[in-house]
Amino acid sequence: MNNKKVLQENPALCDDEVQTRQPDNLPESFENMSMPCQLLDVNGIITHANSALLDLLGYTDEEYIAQPIDKFCIGRKAFQEISSRRSQKQGLLNFAAVLKCKNGSLVNVLLTADPVKSNNGFTYLQCFVTDVSILKKGDDEKDELLANLEHSEARLKMALEYINLGTWDFNPISGELIWSDECRRIYGVEPDTVISFELFADHISSKDREAVLEKLQQVMNAGSSGLYDNSHRIIRFDDNTERWIRSQGKVYFNNQGKPQRFIGTVADITDSKLAEEKSARLVAIVESSDDAIISKTLDGVITSWNDSAKRIFGYSADEIIGQSVLKLIPDDRKNEEPQILARLRRGERVDHFETKRITKYNKLLDLSLTISPVKDFEGNIIGVSKIARDITDKKREEAKKNDFIAMVSHELKTPLTSIKSYIQVLLAQAKKDGDSFRTHALTRTEVQVKKMVNMVSDFLNLARLEEAKININKEYFNLKPLIEEIVSEAKLLTAYNDIVISGCDLTLFADKEKIGQVLTNLISNAIKYSPEGGTIAIGSEKTTDGVKIFVSDNGIGIALVDQKKLFERFYRVENEKLKNVSGFGVGLYLVAELLRYHDSEIKIESSEGKGSTFYFFMKEDLEIK
Ligand code: ADP
């Protein structure tokens, strides 16, 4: 590089303080300095430029020296800046400028101007040029990075708020603890309350405090991973309620292994904790239940299987989960499954459905099934849960009881029939003789004997039903005379009730004896459960569903819970009022079963204290007029 210096004076731009003259003793090092440097006279004219500067900008001496510095500056003029700073007595250190290179490119520089007085009293400016293009580029990137950071911080903040996650920042050296708004909300702390570690510790539930503080201490110990994740109970500041939180964080250590900063997040997990506890309780209940509890998809694929299911059916969970429930159903009952599913789809629950199922070892079991739909959050049925109770033993017991009842009833039937006939003969004679005492006594006896006859015939029918030996012998008969006969016998049982018949003049095609038994049971119940008297109405109404036949009373009525179970065998309502009313809980079961044999169904409308109406429909095709 040519090291020649060109001196030029420019008297026109002189100020009072300095004159434009060549400095007499230019430092020797000037030329060899690796740092770009130039000398300016008091008018901003370049008088010297070292090789480093000329190399940086790409000019020759001739092109650069004797030119005003501002000619090479873009935007803010460097000399103007220097002058104004000097006049305001400001520092001339590192002010930014952009210099234009010969090839047209621009260089970002920092100029540091240094007024120097030479021996001859001449003052000039030594101007060091620091190329900061790389830094400047870094700055741009930094700006971009900062902007990105700001955006992602804002996004993070939004995300944290969205998932209700609070943040905290603890300085173990100063003891300062900062909580985000969400964190304060979780703890129920006012925005202006100053939080300290002690205050935080005070609000850890006493049940967990010791363990939490110990864990915090451990994680801040040198050599620990610094990772913290802990769920515990806190006591909220505002209402002192207990909540569950999950706190996760990280401790940052300095080179000496001292904790510098501990930051993390906090979430209120009370709801999920309670749900967790609830489902744990449910799991425990399911697992400890004596009943088999099974769930399956709507296609009948088994999805869960408890211990009792294993005990009852013999299959382990591994063997059966994923298999079809049909595996448990005997061949002659396979059609039950679609029927049950159809009922569930209609939103019905199947309660105490008695059936048979088959075990892994081909043993037939008597089971009582309670089946309910499993719904998702939107109420869609997504599966089925089934509770199966093994009633094989109960069934065996019942069978024994039935055998006994059947035997006794059978043995009683013949003597009772002859007693009844003798009483009727004796009663007719007593009436003829005008013997009122004998008439009264024999009438009472006849009533009691009739009760016994009815009871025995109920028991016999029960036994026949159990063995599926019941025969339905249909015939055409008029309903009214049948009802009148039953009512006249029933009247012997009651002195308190009015019994009224309406309609009923219709011909049915049914088993007259069985329909008679249905009505006898309904009417005697109406009398039995209307202790205060009142009217018992028996009647028929024609409806679009056929003929509705009803027996209604204004007696004690039946609570809704009992109504659902009333037609189960041996079911009796248990309450104070009924303590002394005798019965076996067989009547309504027989009513329901006998009607089922006629493709009909017994129904009830009742409210406690007001009375009950039992009714059933005989289908149109059963009726001829
Ligand atoms: P039982 O009368 O022998 O107990 P049922 O099967 O005939 O058996 O009736 C079952 C239960 O239904 C009775 O115990 C009684 O509580 C109730 N019940 C039946 N009919 C009536 C009615 N008309 N009013 C009030 N409760 C009734």
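For Arg281, the test of being out of contact with any Lys or Arg (no Cβ under 7 Å at 6 or more places or on another chain), in a helix (DSSP H, G or I) and at pLDDT below 90 is passed.
The single condition from (1) assigned to a helix (DSSP H, G or I); (2) farther than 24 Å from Lys542 by Cβ; (3) modelled with pLDDT of 85 or more; (4) open to solvent by 40 Å² or more (accessible area, probe 1.4 Å) that Leu442 fails is (4).
Identify all residues within segment 500-513 that are more than 15 Å from Ile549 (Cα to Cα) and either open to solvent by 10 Å² or more (accessible area, probe 1.4 Å) or within 16 Å of the ligand (Cβ to nearest atom) (or both); write none if there are none. The answer is Glu513, and nothing else. Taken over segment 252-266, the criterion of being of a type in the set (A, V, I, L, M, F, W, C) and without any contact (Cβ under 8 Å) to a residue 40 or more places away in the chain is satisfied by Phe253 alone. From the set of residues in segment 552-574 that are more than 44 Å from the chain's Cα centre (by Cα) and more than 8 Å from the ligand (Cβ to nearest atom), which is nearest to Ala490 (Cα to Cα)? Out of the qualifying residues, it is Ser552. In the set (1) away from the ligand (no atom under 11 Å from the Cβ); (2) surrounded by fewer than 14 Cβ atoms within 10 Å (Cβ to Cβ), Lys548 fails one condition alone, (2).
Kindly list the number of the only condition in (1) at pLDDT below 85; (2) assigned to a helix (DSSP H, G or I) that fails for Glu182. Evaluating Glu182 over (1) at pLDDT below 85; (2) assigned to a helix (DSSP H, G or I) leaves (1) as the failure.
Here Ser308 fulfils each of the conditions (1) over 23 Å from the mean Cα position of the chain (by Cα); (2) in contact (Cβ under 8 Å) with a residue 60 or more places away in the chain apart from (2). Total residues in segment 191-216 satisfying the condition of being open to solvent by 80 Å² or more (accessible area, probe 1.4 Å), farther than 15 Å from Trp168 by Cα and not in a helix (DSSP H, G or I): the figure is 3.
Of all residues in segment 531-543, those being over 11 Å from Val487 (Cα atoms), within 12 Å of the ligand (Cβ to nearest atom) and at pLDDT 90 or above number 0.
Residues that are of a type outside the set (Val, Ile, Thr), open to solvent by less than 80 Å² (accessible area, probe 1.4 Å) and within 10 Å of the ligand (Cβ to nearest atom) were ranked within segment 593-618; the one that is farthest from Lys577 (Cα to Cα) is Phe614.
Asn497 passes every criterion in (1) buried (at least 16 other Cβ atoms within 10 Å of the Cβ); (2) at pLDDT below 90; (3) among the polar types (S, T, N, Q); (4) away from the ligand (no atom under 13 Å from the Cβ) apart from (4). The residues in segment 575-585 that are of a type in the set (A, V, I, L, M, F, W, C) and either more than 6 Å from the ligand (Cβ to nearest atom) or closer than 16 Å to Ile556 by Cα (or both) can be counted, and the count is 2. In the set (1) open to solvent by 90 Å² or more (accessible area, probe 1.4 Å); (2) at positive phi, Gly379 fails one condition alone, (1). State which residue pairs qualify: first residue surrounded by 12 or more Cβ atoms within 10 Å (Cβ to Cβ) and inside segment 86-108, second residue at pLDDT below 70 and part of a loop (DSSP other than H, G, I, E, B) in any location, beta carbons under 9 Å apart, and separation of 6 or more residues or different chains. Qualifying pairs under 9 Å: Arg86/Leu92; Phe95/Arg76; Ala96/Arg76; Ala97/Arg76; Val98/Arg76.
Closer than 20 Å to Val591 by Cβ and within 16 Å of the ligand (Cβ to nearest atom): is that true of Gly516 in this structure? So Gly516 passes the test. Considering Lys394, Lys432, Lys401, Lys356, the condition of being in contact with a Lys or Arg (Cβ under 9 Å, 6 or more places away or on another chain), free of Cβ contacts under 8 Å to residues at least 40 places away in the same chain and open to solvent by 60 Å² or more (accessible area, probe 1.4 Å) is satisfied by Lys356 alone.
For segment 567-608, a tally of residues being modelled with pLDDT of 90 or more and over 29 Å from Gly546 (Cβ atoms) returns 1.
Any idea which of Gly585, Gly555, Gly534 is open to solvent by 30 Å² or more (accessible area, probe 1.4 Å) and among the small types (Gly, Ala, Ser)? None of the others qualify; the one that does is Gly534.
Of everything listed in (1) in contact (Cβ under 8 Å) with a residue 12 or more places away in the chain; (2) out of contact with any Pro (no Cβ under 6 Å at 6 or more places or on another chain); (3) surrounded by 11 or more Cβ atoms within 10 Å (Cβ to Cβ), the single unmet condition for Asp238 is (3).
What are the residues in segment 558-582 that are touching a helix residue (DSSP H, G or I) at 6+ places or on another chain (Cβ under 7 Å) and either in the same structural domain as Asn461 (by the TED database) or open to solvent by 30 Å² or more (accessible area, probe 1.4 Å) (or both), if any? Across segment 558-582, the qualifying residues are Phe567, Glu568, Arg569, Val573, Val581.
The values are calculated or read from the model by the stated rules, or taken from the named source; none is laboratory data. Because the structure is predicted, anything quoted here is derived from the model rather than measured. Neighbour counts run over all protein chains shown; Cβ positions are idealised from the backbone, glycine included. In case anyone asks, the SASA skips ligands and DNA or RNA and just uses the protein heavy atoms, side chains included. Shrake-Rupley method; radii C 1.70, N 1.55, O 1.52, S 1.80 Å.
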